Amino acid sequence: MSVTVKSREINMTEGPFLGKIVSFSIPVLLTALLQQLYHSLDLMVVGKYASDTALAAVGSVGSLNSLVTALFMGLSVGAGVVAAQRIGAGRSDQVSKVVHSSALLALILGSIIAVIGMALSRVLLVMTDAPPEVLDQATVYMQVIFLGTPATMLYNYMASILRSAGDSRRPLYFLLISGAVKVVMNFLFVRLFHWDVAGVSLATTLAYYLSAIMIVIYMMKQSGYLHFSFRKLSLDGKIVKQILIIGVPSGIQSSLFSLSNVVIQSSVNSFGEFAIAGSSVADNLGTYVYYGSNSIYQAVLTFVGQNMGARRYDNIKKVVLWGLFLGVTVNLALGGVLLLFKSFFVGLLIDDTSITRDFAYQRMFLELPLYFLCGIMEVFSGALRGMGKSVTNTVVSLIGSCAFRILWVNTIFIFVERNIGWVFISKPISWLLVAAFNGLFFLLYYRKCVREDQNNII
């Protein structure tokens, strides 16, 4: 079955792999950076043209919003892995079922989470100890963002499937367009209409829907197994089960990271709005480094998925080794740039020159030099998930990330010294723990696959 995007696809089952991984990862990185830019623009606009209270309101909802959406967004990983494995195995006729089952799942789950999120926004913010002075604005921001959840999920599911076929550029193009539109709307709503928090959240939500509409229209124009048709929307039981087997553990893992971040955010909230604002700025900048890791993760996951389907285990080892090299290199480079020019980047988001900046700098100094550990963690995570071992990842994350961070802030932070630095350093330590265990389990499962394959040959 032919596909019109053939010229944009990358052959993931034949080496050499370094150039192909880089070629695949760059558009993924730029796509993720643009998505993060959505939130950065919100911080930038309210930080420059509104107030510290508005800035704290926007910053205080990031971890909580991620927690609520992460479980369902993880299913997009399942869709991408299932599609990649079928493409690698030459079963492209089933990819169409993955496309339409994933799209319907995204719309259903996106609608559910939008309704629940809007109804519980204020309650959830109160549970995370959001200061009273930012509670009203934070609730508005969170509710409007939740309105865009169906569009966000649909876009990410379709983008994941496009990447599984080797096309990592189209999702970038769609976000470039929607991002440009968001910039215009942000300044229009906030600077001219003075809608402040409501304005930046509305601009973000409208941009989500624009990107979703564009990716759907693009896939409707394709022929072959990537063609999308609303008339074919259905939930294929076998496909959905396989997506859930891989995607649910992935979503739970993302939720666990987000839950631990909510715990961290709650501890930060106890230091007041200046700490919230400064920490939010540093966390926002650090996320750009994380997406360096995540772009390599997406590449490793997709390459390993296709080679797993093709039973090319020798290629899996090569992909992981190159992934580790790139993950460490990219994170050290991005983190170094942010630290070297910290005044410039922090100044892009806030005008405050004293307390807020001090909190931002403190978090940056403690986290950025150690982000390479996150890169190692993400590569092994992508390899395990591409091989179908999502549950293993989830268990490791439960212990090494969520449980550890919760234990840390409730012991070291409380009983040793109630210093915000103890909160910040807990993330790098958890990256180290998860990376070590993910690496161990990858080696064990890889050797098992090779051994079984050799026995089958004999």
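Table for the structure above
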| quantity | calculated |
| --- | --- |
| Matching entry among A212, A203, A159, A165 (being in contact with a Lys or Arg (Cβ under 6 Å, 6 or more places away or on another chain) and either at pLDDT below 85 or buried (at least 16 other Cβ atoms within 10 Å of the Cβ) (or both)) | A203 |
| Test for F228: is it assigned to a loop (DSSP other than H, G, I, E, B) and at pLDDT below 80 | no |
| Residue within segment 255-270 that is within 30 Å of R418 (Cβ to Cβ) and not in a helix (DSSP H, G or I) present | yes |
| Test: residue in segment 393-411 that is open to solvent by 10 Å² or more (accessible area, probe 1.4 Å) and not in a helix (DSSP H, G or I) | yes |
| Test: residue in segment 321-332 that is among the polar types (S, T, N, Q), within 22 Å of the chain's Cα centre (by Cα), surrounded by fewer than 18 Cβ atoms within 10 Å (Cβ to Cβ) and part of a helix (DSSP H, G or I) | yes |
| Selection status of S343, of a type outside the set (A, V, I, L, M, F, W, C), open to solvent by 40 Å² or more (accessible area, probe 1.4 Å) and either in contact with a Leu (Cβ under 6 Å, 6 or more places away or on another chain) or on the phi < 0 side of the Ramachandran plot (or both) | yes |
| Residue ID - surrounded by the fewest Cβ atoms within 10 Å (Cβ to Cβ), chosen from residues in segment 245-285 that are within 19 Å of V45 (Cβ to Cβ) and in contact with a Ser or Thr (Cβ under 6 Å, 6 or more places away or on another chain) | N284 |
| Condition check for N315: among the polar types (S, T, N, Q), surrounded by fewer than 24 Cβ atoms within 10 Å (Cβ to Cβ) and over 23 Å from the mean Cα position of the chain (by Cα) | yes |
| Unmet requirement for F441, which otherwise passes all of (1) under 24 Å from V304 (Cα atoms); (2) open to solvent by less than 60 Å² (accessible area, probe 1.4 Å); (3) assigned to a helix (DSSP H, G or I) | (2) |
| Wholly within segment 92-179, helices (runs of 4 or more DSSP H) carrying at least 1 residues that are within 25 Å of I296 (Cα to Cα) | 95-127, 149-164 |
| Subset of segment 389-407 that is under 18 Å from the mean Cα position of the chain (by Cα) and among the polar types (S, T, N, Q) - its residue that is farthest from Y445 (Cα to Cα) | S401 |
| Test: I112 is at pLDDT 80 or above and within 25 Å of T204 (Cβ to Cβ) | yes |
| Residue among D167, D136, D196 that is among the charged types (D, E, K, R) and on the phi > 0 side of the Ramachandran plot | D196 |
| Total residues in segment 324-368, condition modelled with pLDDT of 85 or more and of a type in the set (S, T, Y) | 3 |
| Subset of segment 172-182 [in contact (Cβ under 8 Å) with a residue 60 or more places away in the chain and either surrounded by fewer than 16 Cβ atoms within 10 Å (Cβ to Cβ) or touching an Asp or Glu at 6+ places or on another chain (Cβ under 9 Å) (or both)] | L176 |
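Every residue, every condition in (1) assigned to a helix (DSSP H, G or I); (2) in contact with a helix residue (DSSP H, G or I) (Cβ under 9 Å, 6 or more places away or on another chain); (3) within 30 Å of S354 (Cβ to Cβ); (4) not hydroxyl-bearing (S, T, Y), yes or no:
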| position | (1), (2), (3), (4) |
| --- | --- |
| V240 | yes, yes, no, yes |
| F274 | yes, yes, yes, yes |
| G278 | yes, yes, yes, yes |
| D283 | yes, yes, yes, yes |
| S293 | yes, yes, no, no |
| V300 | yes, yes, no, yes |
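Okay, residues lined up against (1) closer than 23 Å to Q265 by Cβ; (2) at pLDDT below 85:
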{"position": "E378", "(1), (2)": "yes, no"}
{"position": "L384", "(1), (2)": "no, no"}
{"position": "N410", "(1), (2)": "yes, yes"}
{"position": "E417", "(1), (2)": "yes, yes"}
{"position": "F424", "(1), (2)": "yes, yes"}
{"position": "L444", "(1), (2)": "no, no"}
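The values are calculated or read from the model by the stated rules, or taken from the named source; none is laboratory data. This one's a predicted model, so the numbers in the text were calculated from it and none came from an experiment. When we count neighbours, we look across all protein chains shown, and the Cβ atoms used for this are built from the backbone with ideal geometry, even at glycine. Ligands, DNA and RNA are excluded from the accessible area calculation, which covers all protein heavy atoms including side chains. Shrake-Rupley method; radii C 1.70, N 1.55, O 1.52, S 1.80 Å.
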